[in-house]
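> Below you will find the structure I want to go over with you.
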Amino acid sequence: MRILLLNQYFPPDTAATAKIAHLIAEALAQRHQVTVLAGRPSYNPIERHPRYLLHREVRGNLVVERVGSTTFPRHRIHHRLSNYVSYLGLAVSRALTIRTDLILTMTDPPVAGIAGALVARLKRLPFVYNIQDLYPDMALGARIVQPVHWVKTWEYLHRRTLEQASLVIVLGEDMYERVITKGIEPERVVIIRNGTSIPEKSHSYDHPVSKEIRCGFPFVVLHAGNLGFYGAWETLIRAAKLLDEEGVGFIFVGDGAAKSGIETLVNGFPRVRFLPFRPPEEIPYVLAAADIHVVTVRRGLEGVVVPSKLYSVLAAGRPVLAVVPEKSDVARIVTRSGCGVVVDPDSPASVAEAIRNLVRDRGRLEQMAQRAQAIASEYGIEKQLERFVQVVERVIPQFK
């Protein structure tokens with residue numbers, strides 16, 4: 001089968017979807033011919049590309065084509081929009097000329113699904129939609145946009161995209177439920193999680209990197225990853241201040257659009273620290289540094305975003321503090337498995353009390369860690385990618 005995958009970000013971009021797109025493309029390329037249509041690297045890339053109209057790389061069954069989109073820094077909205085629009089304009093034009101049997105589209109930029117559906121319609125090809133974040137629900141729920149007329153048009157076009165898709169791949173049970181409430185037949189929607197690599201061994205926080213991350217606190221609540229608009233950050237910071245006398249440190253490793261707002265909430269409070277991202281080879285020691293890891297989704301965004309960082313926490317064998325709505329995918333996994341505690345994302349007092357109880361009950365914390373490690377293999381990346389390939393192949397059975 002010849003498969004065309006559309007996603008603006010692809011390594012050397014460091015966006016989460018770039019990494020996922022790379023894994024998906026390589027998995028499909030083991031059995032099929034895959035062309036990835038990406039933009040010039042612009043998401044904090046580890047290397048920059050010069051200007052070009054089209055750049056092509058061939059890696060066996062995998063071809064990576066990059067259109068010459070703009071690469072402005074993403075911090076200003078008009079720069080980000082320029083990157084989006086230039087990519088879409090060039091990518092749609094190029095996609096119409098590429099010979100393929102199936103269009104597979106992800107969600108970068110946020111209207112990529114609509115663009116992919118358009119290409120599939122014009123070429124009269126089947127269309128597979130892999131939703132990483134559900135738009136425009138994400139933009140509305142995170143208050144990035146208001147429900148004005150053009151957003152309603154966006155939602156209308158997105159529903160048409162969902163209706164057209166031969167297959168819709170979502171990341172969790174809550175996202176599955178959101179999609180089918182939009183009128184999509186359940187049999188066309190399948191849950192495949194992003195998953196994670198399972199390490200051969202677990203680590204303690206005796207390693208120098210882990211000790212550095214812990215900043216000398218006797219009990220560490222750690223959030224490692226993107227500080228995006230979706231998190232219940234105010235609840236976490238207020239909870240940290242309620243625990244001032246317990247010796248609990250809140251450590252945020254990473255960056256993101258919400259970081260400056262979180263720093264304003266912290267206002268110099270000494271038991272909250274911000275540390276930069278660490279190199280990939282140090283991530284196991286970062287994950288090992290926590291007594292408990294935070295996974296957070298703000299109320300109203302359940303099913304809109306599914307934090308894949310949960311699976312890395314499980315693979316590291318660490319307990320989970322799920323500051324999420326009770327019906328979210330994260331809450332369901334944590335509750336079913338017993339690998340952590342679920343706390344109301346609107347209640348700082350509840351978050352503080354849950355942490356206070358765990359500080360006093362190390363035995364329970366250890367039991368949660370054991371449960372996390374026990375279920376981690378269910379979310380291994382190899383298992384999820386194999387399933388991804390199988391469901392895509394079912395769209396055109398003769399190519400299996």
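Bear in mind that the values in this text are calculations on the coordinates, not laboratory data. These figures come from a predicted structure and were not determined experimentally. Using ideal geometry, Cβ is built from the backbone for each residue, glycine included, and neighbour counts are taken over all protein chains shown.
> If you take the square roots of the eigenvalues of the alpha-carbon gyration tensor of segment 122-259 and sort them as a ≥ b ≥ c, do you get rounded (a/c under 1.5), prolate (a/b over b/c) or oblate?
It comes out prolate by the Cα gyration axes.
> For segment 133-144, what does the Karplus curve 6.51 cos²θ - 1.76 cosθ + 1.60, with θ = phi - 60°, yield as ³J(HN,Hα) per residue in whole Hz, taken in order and with x for Gly and Pro?
Values per residue, Gly and Pro as x: 9, 8, 10, x, 3, 4, 5, 6, x, 8, 6, 6 Hz.
> Would you please give the FRET efficiency between F274 and H78, computed as 1/(1 + (r/R0)^6) with r the Cβ-Cβ distance and R0 = 30 Å, to the nearest 0.05?
Numbers: r = 27 Å, r/R0 = 0.90.
Calculated transfer efficiency: 0.65.
> So, one more: Does a label point 7 Å from the Cα of K19, set along Cα-to-beta-carbon, have any residues of segment 307-322 with amide nitrogen under 14 Å, and which are they?
Counting only backbone N, you get 307-316.
> May I pose another question? Helix 112-123 against the longest principal axis of the chain: what's the angle in degrees, Cα atoms only, rounded to the nearest 10?
For helix 112-123, the angle is close to 20 degrees.
> Mind listing the phi-derived Karplus ³J(HN,Hα) values for segment 54-62, rounded to whole Hz, using 6.51, -1.76 and 1.60 with θ = phi - 60°, and x for any glycine or proline?
In residue order, the calculated couplings are 8, 10, 10, 10, 10, 10, x, 7, 10 Hz.
> Also, I was wondering about something else. What number, in percent, do you get for the relative contact order of the chain if the mean sequence gap of Cα pairs under 8 Å and at least 6 apart is divided by its residue count? Write down the numbers at each step before the final one.
Working: 791 pairs, mean separation 53.6, N = 400.
Relative contact order here is 13 percent.
> How much space per residue, in cubic angstrom, does the convex hull of the C-alpha atoms of segment 56-167 take up? Kindly include the intermediate steps, with their values, before the conclusion.
Values: hull volume 13.7 nm³, N = 112.
Hull volume over Cα atoms, normalised by residue count, gives 122 Å³.
> Starting from the Cα of R56, step 7 Å toward the Cβ, then list every residue of segment 19-40 with an amide N under 15 Å from that point.
Once the point is set 7 Å along Cα→Cβ of R56, 34-38 turn out to lie under 15 Å by backbone N, inside segment 19-40.
> Using amide H atoms built in the peptide plane, which far-off residues or other-chain residues are under 5 Å from G256 H to H?
L227
> Here's a follow-up. What residues have an amide H closer than 5 Å to that of N61, excluding those fewer than 5 places away on the same chain, when H is modeled at 1.01 Å from N in the peptide plane?
For N61, no residues qualify.
> Could you pull out the trypsin sites (Lys or Arg not before Pro) across segment 78-154 that fall in loop regions by DSSP (anything but H, G, I, E, B) with no more than 14 other Cβ atoms inside 10 Å? Mind dumping the intermediate values first?
Details: sites: R80, R94, R99, R121, K123, R124, R143, K152; in loops: R99, R124, R143.
Sparse-neighbourhood loop trypsin sites (Lys or Arg not before Pro): R99, R124, R143.
> Using the basic label-point model (7 angstrom from Cα toward the beta carbon), what is the R364 to A349 distance in nanometres?
If labels sit at R364 and A349, their model points lie 1.9 nm apart.
> Now, a different point. I'd like the FRET efficiency for K152 and C215, computed as 1/(1 + (r/R0)^6) with the beta carbon distance as r and R0 of 45 Å, rounded to 0.05.
The pair K152/C215 has a calculated efficiency of 0.45.
> Pairing the Cα long axis of helix 16-29 with the longest principal axis of the chain, what angle in degrees results, from 0 to 90 and rounded to the nearest 10?
Orientation of helix 16-29: about 50 degrees from the principal axis.
> Same structure, new question: Segment 212-270: D in µm²/s via Stokes-Einstein (Kirkwood Rh, Cα pairs, 37 °C, 0.692 mPa s)?
276
> Next question. Treat every Asp and Glu Cβ in the chain as -1 and every Lys and Arg Cβ as +1, leave all other atoms uncharged, and give the resulting dipole magnitude about the Cα centre to the nearest 20 debye.
Details: 50 positive and 40 negative charges, 231 e Å.
Magnitude of the dipole: close to 1100 debye.
> Related question: Which ³J(HN,Hα) values in Hz, rounded to whole numbers, follow from the phi angles of segment 209-222 under the Karplus curve 6.51 cos²θ - 1.76 cosθ + 1.60, where θ = phi - 60° and Gly and Pro get x?
The phi angles translate into 5, 4, 5, 5, 5, 5, 6, x, 6, x, 9, 10, 9, 10 Hz.
> Within the set K19/K383; K211/K259; K152/K327, which residue pairs have Cα atoms separated by over 19 Å?
Working: K19/K383 17 Å; K211/K259 23 Å; K152/K327 26 Å.
Checking Cα-Cα distances, K211/K259; K152/K327 exceed 19 Å.
> Can you bin segment 208-378 into rounded, prolate or oblate? Criterion: square roots of the alpha carbon gyration tensor eigenvalues sorted a ≥ b ≥ c, rounded for a/c under 1.5, prolate for a/b above b/c, oblate for the rest. Could the numbers behind the result be given before it?
Details: a/c = 1.19, a/b = 1.09, b/c = 1.10.
Here segment 208-378 falls in the rounded category.
> Would you mind working out the magnitude of the charge dipole of segment 208-378 relative to its Cα centre, with +1 at each Lys and Arg C-beta and -1 at each Asp and Glu C-beta, to the nearest 20 Debye? If you can, show how the numbers build up before the last one.
Details: 20 positive and 19 negative charges, 27 e Å.
In total the dipole reaches around 140 debye.
> Also, I was wondering about something else. Can you tell me the mean projection area, over all orientations, of the convex hull of segment 1-100's alpha carbons? Units nm², please.
Details: hull surface 23.5 nm².
Spelled out: convex hull of the Cα atoms, projected over all directions, averaged, 5.9 nm².
> For the pair S260 and S202, how long in nm is the line joining their label points, each one 7 Å along Cα→Cβ?
Placing both labels 7 Å along Cα→Cβ, they lie 4.0 nm apart.
> Is segment 255-303 rounded, prolate or oblate when judged by the Cα gyration tensor, a ≥ b ≥ c being the square roots of its eigenvalues, rounded requiring a/c under 1.5 and prolate requiring a/b larger than b/c? Don't skip to the end; give the middle numbers.
Working: a/c = 1.74, a/b = 1.20, b/c = 1.45.
Oblate, because a/c is 1.5 or more while a/b does not exceed b/c.
> Let me ask you something else. Note the angle between two axes, namely the Cα long axis of helix 233-242 and the longest principal axis of the Cα atoms of the chain, as a number of degrees from 0 to 90, rounded to the nearest 10.
Roughly 10 degrees between the two axes.
> Further question: Okay, helix-only estimate at 222 nm for the chain: each DSSP H run of n ≥ 4 adds -39500 (n - 2.57), divide by all residues, round to 500 deg cm²/dmol; what do you get? List each step's numbers first, then the result.
On the way: 15 runs with 163 residues, N = 400.
Rounded to the nearest 500, it is -12500 deg cm²/dmol.
> So what is Rg over Rh here for the chain, counting just Cα atoms and using Kirkwood for Rh?
Numbers: Rg = 21.2 Å, Rh = 21.9 Å.
So for the chain, dividing Rg by the Kirkwood Rh gives 0.97.
> Then there's this: Between segment 158-203 and segment 32-61, how far is it from one alpha carbon centroid to the other, in angstrom?
Each part reduced to its Cα centre gives a spacing of 26 Å.
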